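S.K.: Below you'll find the structure I mean.
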Amino acid sequence: MSATIEYLLLSKMGRQPDFSNFKSGDLFLDSFTAKKLAKADINNDTRVYVALDGDKVVGYTTMKVFMMNNDEYSILPSKYPRLVPVLMLEQIAVDKACQGKGIGKRLMREVIKATVLINELAATKGLALWVHPSAISFYNKLAFLKIPNGIKQMQDIELILMFLHIDTIIDAYK
């Protein structure tokens with residue numbers, strides 16, 4: 001791994017980076033690499049940030065604007081509208097050989113920065129994501145809160161909905 005990792009939006013790169021050897025250790029996340037990520041970005045279905053070591057992808061994250069049903073998930077107190085605009089962090093993955101080197105944290109900073117920008121331009125209530133049970137403590141450390149009735153079955157894993165309010169994000173971002 002080189003000393004300099006670049007963090008770029010896939011849509012701004014003008015080229016397809018090398019996903020060929022990317023392996024995070026999670027088959028579900030690894031299955032989205034290369035063509036699927038590029039196609040989703042080109043189709044404007046999601047935005048993809050990549051962490052690059054030269055032209056090799058060593059990490060990525062995907063996100064999109066989403067409306068959460070407050071009646072279903074109780075993300076915010078009932079005084080808020082039924083539909084809550086959020087930035088949804090869909091996926092975040094770091095190549096197994098590069099884990100523990102701060103790449104995931106830096107990708108999260110990019111997501112936080114995007115959340116602040118989207119809030120400035122279009123108003124959002126925060127950042128949401130469906131978390132694998134093994135990652136809950138990581139997101140707890142970042143001040144994400146578990147949504148009590150936010151549970152979703154994905155294949156054989158029960159994912160937990162977590163949420164970080166925009167006020168918490170802006171306070172930390174200052």
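S.K.: Please enumerate the residues belonging to region 124-152 that are over 21 Å from Thr61 (Cα atoms) and of a type in the set (S, T, N, Q).
M.R.: Asn149
S.K.: Is region 59-76 home to any residue that is at pLDDT below 85, surrounded by 13 or more Cβ atoms within 10 Å (Cβ to Cβ) and on the phi > 0 side of the Ramachandran plot?
M.R.: yes
S.K.: So in region 124-172, with the set limited to residues that are surrounded by 13 or more Cβ atoms within 10 Å (Cβ to Cβ) and among the hydroxyl-bearing types (Ser, Thr, Tyr), which one is farthest from Asn70 (Cα to Cα)?
M.R.: Restricting to residues being surrounded by 13 or more Cβ atoms within 10 Å (Cβ to Cβ) and among the hydroxyl-bearing types (Ser, Thr, Tyr), the top hit is Tyr139.
S.K.: Have a look at Gly54, Gly126, Gly104 and point out the one that is in contact with a Gly (Cβ under 7 Å, 6 or more places away or on another chain) and small (Gly, Ala, Ser).
M.R.: From the options Gly54, Gly126, Gly104, the qualifying one is Gly104.
S.K.: Ok, one more. Restricting the first residue to region 3-16 and requiring it to be polar (S, T, N, Q), which pairs with a second residue that is open to solvent by less than 80 Å² (accessible area, probe 1.4 Å) and not in a strand (DSSP E or B) meet a Cβ separation below 8 Å and a spacing of at least six or different chains?
M.R.: Cβ pairs passing all conditions: Ser11/Asp41; Gln16/Ala34; Gln16/Ala38.
S.K.: Okay, next question. Under the condition of being modelled with pLDDT of 85 or more and of a type in the set (Gly, Ala, Ser), which residue from region 21-39 is surrounded by the most Cβ atoms within 10 Å (Cβ to Cβ)?
M.R.: Ser24
S.K.: Also: Considering every residue within region 77-85, establish whether at least one is within 20 Å of Leu159 (Cβ to Cβ), in a loop (DSSP other than H, G, I, E, B) and of a type in the set (S, T, N, Q).
M.R.: no
S.K.: How about region 77-123: which of its residues are surrounded by fewer than 16 Cβ atoms within 10 Å (Cβ to Cβ) and of a type in the set (A, V, I, L, M)?
M.R.: If the condition is that a residue be surrounded by fewer than 16 Cβ atoms within 10 Å (Cβ to Cβ) and of a type in the set (A, V, I, L, M), then Leu83, Ala97, Leu117, Leu121, Ala122, Ala123 are the ones that fit.
S.K.: Determine the pairs where a residue that is in contact (Cβ under 8 Å) with a residue 24 or more places away in the chain, located within region 62-76, has a partner that is among the basic types (Lys, Arg) and in a strand (DSSP E or B) with Cβ atoms under 6 Å apart, the partner being 6 or more residues away or on another chain.
M.R.: Final answer for the pair search is Met63/Arg47.
S.K.: Might you check whether a residue that is at positive phi, free of Cβ contacts under 8 Å to residues at least 12 places away in the same chain and more than 12 Å from the chain's Cα centre (by Cα) occurs anywhere in region 86-107?
M.R.: The answer is yes; a qualifying residue exists.
The values are calculated or read from the model by the stated rules, or taken from the named source; none is laboratory data. Note that the structure is a prediction, hence the values are computed from the model and not measured. Reconstructed Cβ throughout: ideal geometry from the backbone, glycine too, with neighbour counts over all protein chains shown. When the accessible area is computed, the model is the full protein with side chains, heavy atoms only, and any ligands, DNA or RNA have been set aside. Shrake-Rupley method; radii C 1.70, N 1.55, O 1.52, S 1.80 Å.
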